[in-house]
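Enquirer: Sharing a structure with you now.
The values are calculated or read from the model by the stated rules, or taken from the named source; none is laboratory data. Since the structure is predicted, the reported quantities are computational estimates derived from the model, not experimental observations. Here the Cβ is made from the backbone with ideal geometry for all residues, glycine too, and neighbour counts use every protein chain on show. Only protein heavy atoms, including side chains, enter the accessible area calculation; ligands, DNA and RNA are left aside. Shrake-Rupley method; radii C 1.70, N 1.55, O 1.52, S 1.80 Å.
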Amino acid sequence: MSTIASRLAALRAELAAQGLAGFAVPLTDEHMSEYVGEYAQRLAWISGFGGSAGSAVVMGTHAAMFTDGRYTVQVRSQVPGDVFSYEDVPKTSPAQWLGEHAQAGQRIGYDPWLHTAAWAKQAAAQLTARAAELVAVTRNPIDAVWADRPAPSLAPLEVHDLPFAGRAHCGKRAEVAAWLAEKGADVVVIAALDSIAWLLNIRGRDVARTPVALAFAIAHKDGSVDLFTALEKITPAVLAHLGADVRCQPRDGFQAALKAMAGKTVVVDPQSCVAAIFEALTAGGARIIEARDPTVLPRAVKNPVEIAGTIAAHVRDGAALTRFLAWFDGEAPKGELDELSAAERLRQFRAETNSLEDLSFDTISAAGPNAALPHYRVSTETNLPIRNDSIYLVDSGGQYRDGTTDVTRTLVVGTPTPEMQDRFTRVLKGHIALARAIFPAGTKGVQLDALARQHLWAAGLDYNHGTGHGVGSYLSVHEGPQRIAAAWSAQPGNDEPLQPGMILSNEPGYYKRGEYGIRIENLMLVETLHADGAERAIMGFKELTLAPIDRRLVDVGLLTADERGWWNAYHARVATEIGPLLVDAGEQAWLEQACAPL
């Protein structure tokens, strides 16, 4: 019996012991996080799936794995098809699937600390229609059978100093208090880890690649905050930083605090607060107002200090990436590199800045057919050599105290085919169209998405992921509420009108399954533009990412004069800002050639 099969057998035995016929397994934690600590990797443990978005349902004789189009190939390579069926989202969902497969009288379990109240309501409705029942478990059955499950991290909290944060946390807390007064509310529950980090100017090391600390917070209308975290994580420096108006409480006291809210009006974000939070507040007699976490929008709109910091971080990171590109150009044709060795060398270049705190996500180092997997994650089992006359895609980023980076470059080793050049140039044209966009105040990302896809559409092509996501300031590499995506992939709460100070990625792509993939990604800052005679406020983008794009993949004949002008201006800026940071004469010569005008 395989490892996954034996784990499923153990889980099914535990479900039977708890009187359950099935169990829903999401990929998240108690904070509805995208990236989670090792202790919360339940989906990976039970299924083998290593992607960043997915879920499963385990029944007595059947199990189903749910992923979207980004993971169609990956899920089949990681999750054994003899014990799991593969289900495509959004064609179906765990709740819908349960409504089609549960039998009358069955009790289906879910962990209320890992699902939103909306999900529980939807799943319960589906099951009720089948005369089945959704049951909140008091102990996660996977935890009961995961013998060597890691404990939650006890890494100390860290102060995010004012020279990086730009605003003192007392001012941020006062704004939340004023917001509560407008709502007529007493407190707001803040569960999202990056929201807590931003509000209190703290960071942590509890989740790989994302500098957050495991905690909950309750912010009060008087401006004070109760911070619930393992008290071992609070250092004297953090205690002094937080001050008397931030009370540190044991993390396991959070549920009791919610139940003690009788008679109070409590604001809860239904997107980031799990069902168990709603249940505890209801049990305690609180009046609940559902509203978006008040820190989400101000966190997304970077202040001048954060903007200056991210610009500095991108110049530093761009120099490291440029050094890697020059190195790669010399080493790859020798035929001795593979995906793992290339990713490690890129990490070393970033580390040599002496400012790198962590990567901002696991590097997507993808050669040949693996580059056709948009969210590929290299491992010793999947590691491919980087061959001549092929494409290599590298999507990577760094976490620096002054900013978070995310950049993708697609490189050719040897000679590209005409098809590769055509597809790359269409992606490039879309990238340029979005980068050059000028739009009125109030514009949402969904209104700009087609700019990036239009030249692919013209050839009957497209890509199955969003075009742009928000990015934090030494926080999560994926941050809302802003997003650039097609209407079909829009997510609740992620359609915020763009504002100056927001950071977004620009990353159109093309993927030919089994052969190669292309993506060009820069981060951009939304900024106000000024035009003579303008009758409305207008905005545009400023590139933050600075690194050469591979000119060998460009079919110059497909570019307009304006597109060539953008390319030349961008690369002139790369040469001007990155060149002085390269001390090696060979790297400087390579950059000069890479940035020469088309």
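Enquirer: Going by the structure shown, is E306 modelled with pLDDT of 95 or more, open to solvent by 50 Å² or more (accessible area, probe 1.4 Å) and either part of a helix (DSSP H, G or I) or hydroxyl-bearing (S, T, Y) (or both)?
Expert: no
Enquirer: Of the conditions (1) part of a helix (DSSP H, G or I); (2) among the polar types (S, T, N, Q); (3) surrounded by fewer than 18 Cβ atoms within 10 Å (Cβ to Cβ), Q126 satisfies every one except a single condition; which number is it?
Expert: Here Q126 meets the rest and fails (3).
Enquirer: Identify, from the list D245, D293, D206, the residue that is acidic (D, E), modelled with pLDDT of 95 or more, under 21 Å from V176 (Cα atoms) and open to solvent by less than 20 Å² (accessible area, probe 1.4 Å).
Expert: Just a single option satisfies the conditions, and that option is D293.
Enquirer: Which residues, counting only those in the stretch 138-153, are β-branched (V, I, T) and either crowded, with 18+ Cβ neighbours inside 10 Å or under 28 Å from the mean Cα position of the chain (by Cα) (or both)?
Expert: Result: I142, V145.
Enquirer: Can you tell me which residue within the stretch 407-464, out of those that are among the acidic types (D, E) and closer than 25 Å to H571 by Cβ, is most open to solvent (accessible area, probe 1.4 Å)?
Expert: Once the filter is applied, the top-ranked residue is E419.
Enquirer: Enumerate the pairs (first residue in the stretch 71-84 and over 14 Å from R377 (Cβ atoms); second residue anywhere and surrounded by fewer than 21 Cβ atoms within 10 Å (Cβ to Cβ) and among the β-branched types (V, I, T)) with beta-carbon separation below 7 Å, excluding pairs fewer than 6 apart on the same chain, so at least 6 apart or on different chains.
Expert: Short answer, once both residue conditions are applied: P80/I4; V83/I4.
Enquirer: When the stretch 252-291 is examined, which residues are found to be assigned to a loop (DSSP other than H, G, I, E, B) and closer than 19 Å to T28 by Cα?
Expert: Answer for the stretch 252-291, where residues must be assigned to a loop (DSSP other than H, G, I, E, B) and closer than 19 Å to T28 by Cα: D269, P270, Q271, S272, C273.
Enquirer: Assigned to a loop (DSSP other than H, G, I, E, B), under 18 Å from R12 (Cα atoms) and either open to solvent by 10 Å² or more (accessible area, probe 1.4 Å) or of a type in the set (S, T, N, Q) (or both), is that true of A131?
Expert: Here the answer is no, as A131 does not meet what is asked.
Enquirer: Something else now. Give me the helices (runs of 4 or more DSSP H) completely within the stretch 32-120, filtered to those with at least 2 residues that are open to solvent by 40 Å² or more (accessible area, probe 1.4 Å) and polar (S, T, N, Q), ordered by residue number.
Expert: 72-78
Enquirer: Right, A197: assigned to a helix (DSSP H, G or I) and either without any contact (Cβ under 8 Å) to a residue 60 or more places away in the chain or in contact with a Phe, Trp or Tyr (Cβ under 6 Å, 6 or more places away or on another chain) (or both) or not?
Expert: So A197 fails the test.
Enquirer: Which one is surrounded by the most Cβ atoms within 10 Å (Cβ to Cβ), of the residues in the stretch 478-495 that are at pLDDT 95 or above and within 15 Å of A192 (Cβ to Cβ)?
Expert: E479
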